[in-house]
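Here the structure is laid out as structure tokens; the discussion comes afterwards.
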Amino acid sequence: MKKIVILSMLVGLLSGCTMKKTGGISTIVLTGEITPLGMTTFQYGTHKINSENKTYALQSSRVKLDDFVNKSVTLKGKKVLGYPIEGGPELIEVSEISFK
């Protein structure tokens, strides 16, 4: 019985983990104006950018995106695997930003 409880806890713990794969994904460069995400039908990202007539959701663990809101920028990042979902845009993990 003790083994079943431990195995159940281990399965529950592992099923709650997520992994982000970045190997083999090339860097994407986008130019446009960053805006806060606001209310959306999809539930990911913190900001967005419109570049080349396409909207992208943005997130970053390296760059404070709020510092670039309503500014024209060029950003570099990587597409996050598994997105888009819920009919939303592609999700970009931003690694660096420069002013346009």
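The values are calculated or read from the model by the stated rules, or taken from the named source; none is laboratory data. All figures in this text were calculated on a predicted structure; none of them were measured in a lab. Here the Cβ positions follow ideal geometry from the backbone for every residue, glycine too, while neighbour counts run over all protein chains shown. Areas reflect the complete protein model, heavy atoms only, side chains present, ligands, DNA and RNA absent. Shrake-Rupley method; radii C 1.70, N 1.55, O 1.52, S 1.80 Å.
Structure above, values below:
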{"read-out": "THR35 vs. criteria in contact (Cβ under 8 Å) with a residue 60 or more places away in the chain and open to solvent by less than 60 Å² (accessible area, probe 1.4 Å)", "value": "no"}
{"read-out": "Selection from the stretch 39-49 of residues that are open to solvent by 60 Å² or more (accessible area, probe 1.4 Å) and at pLDDT below 95", "value": "MET39, THR41, GLN43"}
{"read-out": "Residues being more than 16 Å from GLU93 (Cβ to Cβ), among the β-branched types (Val, Ile, Thr) and not in a loop (DSSP other than H, G, I, E, B) - total across the stretch 35-54", "value": "1"}
{"read-out": "Residues of the stretch 50-92 satisfying the condition of being among the small types (Gly, Ala, Ser) and either closer than 16 Å to THR40 by Cα or surrounded by 11 or more Cβ atoms within 10 Å (Cβ to Cβ) (or both)", "value": "SER51, ALA57, SER60, SER72, GLY77, GLY82, GLY87, GLY88"}
{"read-out": "Boolean, GLY87 is at pLDDT below 95 and of a type outside the set (A, V, I, L, M, F, W, C)", "value": "yes"}
